[in-house]
1. Counting other Cβ atoms within 10 Å, which trypsin sites (Lys or Arg not before Pro) in the stretch 185-235 have at most 14 and lie in a DSSP loop?
2. List, in order, the whole-Hz ³J(HN,Hα) value for each residue of the stretch 17-33 obtained from phi through the Karplus relation with A = 6.51, B = -1.76, C = 1.60 and θ = phi - 60°; use x for Gly and Pro.
3. Please give the charge dipole size of the stretch 1-116, origin at the Cα centre, charges +1 on K and R Cβ atoms and -1 on D and E Cβ atoms. Round to the nearest 20 debye.
4. Evaluate the distance, in nm, between pseudo-label points positioned 7 Å from the Cα of Gln22 and of Gln75 along their respective Cα→Cβ axes.
5. Calculate for the chain the 222 nm mean residue ellipticity that helices alone would give, adding -39,500 (n - 2.57) per DSSP H run of length 4 or more and normalising by residue count, nearest 500 deg cm²/dmol.
6. For the stretch 163-262, count the residues as N, evaluate 2.2 N^0.38 Å, and divide the Cα radius of gyration by that value, please.
7. If the only charges are +1 at each Lys and Arg Cβ and -1 at each Asp and Glu Cβ, what is the size of the charge dipole of the stretch 153-303 around the Cα centre, to the nearest 20 debye?
8. What is the set of long-range amide H partners of Glu126 at a cut-off below 5 Å, with H atoms built 1.01 Å from backbone N?
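The values are calculated or read from the model by the stated rules, or taken from the named source; none is laboratory data. Everything quoted here is computed from the prediction, not taken from an experiment. We place every Cβ from the backbone using ideal geometry, glycine too, and count neighbours over all the protein chains shown. When the accessible area is computed, the model is the full protein with side chains, heavy atoms only, and any ligands, DNA or RNA have been set aside. Shrake-Rupley method; radii C 1.70, N 1.55, O 1.52, S 1.80 Å.
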Amino acid sequence: MYFIPLEEIKGKSRNSVLAFLQKNEEICVQLISNLQKNIKNCFVLYLDPDSRKEIYGIVSLKSTILHCLPFSNPQTETALQLDFITSFAIFFKENGFDKPVCLNGTYAGSQLILKALEKLSLFPAESNSYSLLKLDSKSFVKKIVRNHRINRDLSVLRCKKDLPAPLFAQLLNLQIKYELEEVLPSCMEFDEDSCRLRLLNALRKQYVLALSTINQEGRETLIAKAGTNSIGYKHVQIGGVFTLPEERGKHYAFYLLTLLLSKIVKMKRIPVLFVKKQNSPASKLYDSLCFEKITDYTIAYFD
């Protein structure tokens, strides 16, 4: 299998890459979102690098490895998969790529890459299992949107880069708690400065909502957040869903997500997200909002 830099692919072959990504977008929204910004160290997989008639996958080999490998199937060992494992290991070593920080993608594709990295004595310190979900938009509109009621006791704030400093501090507090509880692997230390930068970047480039209440003194307090974290051609990946622990059990996340998902559906986009398999409350929430499982998903961390 050959790894051809996306930067070198032009004309009809480039159009084929676009068509391949669009066809498989629901399993690789983050990859597509990153490619829209920078295609450096992104490679297209061919068996015949000269004709380039059939694309077998796309990988982005940066600090976070992202991939779209629809041919992968961990239940069946095929010659194509064995070829990929060997070719990936050789290509990775010969081109001097640094050890990744993270591997992010479908379980099936991630298993192939992990096997290739094992050949180079690169093993993840931690690997987490998720379910990749997609919204059934028709059911959502019929079941949820038509029965949606505005909660007069709550306010919804669209958070942008010009968010006032007091509210930004509260939003940052939500982001910190979210990352510590849902994102940070045990093999890594939390960095508040990096967390702040991620939030600022989201406020510039993503659609972020926060839910607030007003206390008796008239002070606005942010109690929950949700937003997009990757935007593809037709799909939008949801992330950063978090409610303060003391405010849980009041259906705030359901209310906030209903508004966020309604906005995305009106834009003719399809929401997707991934949720930890052991997070039963979150899984029940997404099921109630008409999300359906697409496949298994893996995020692996290297220390």
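1. Sites meeting the loop and neighbour criteria: Arg219, Lys234.
2. Per-residue couplings from phi come out as 4, 4, 5, 4, 5, 5, 5, 10, 4, 4, 9, 8, 4, 5, 4, 5, 4 Hz.
3. It works out to roughly 300 debye.
4. 3.1
5. -11000 deg cm²/dmol
6. With N residues counted in the stretch 163-262, Rg over 2.2 N^0.38 Å equals 1.10.
7. 860
8. Hits under the 5 Å cutoff: Tyr301.
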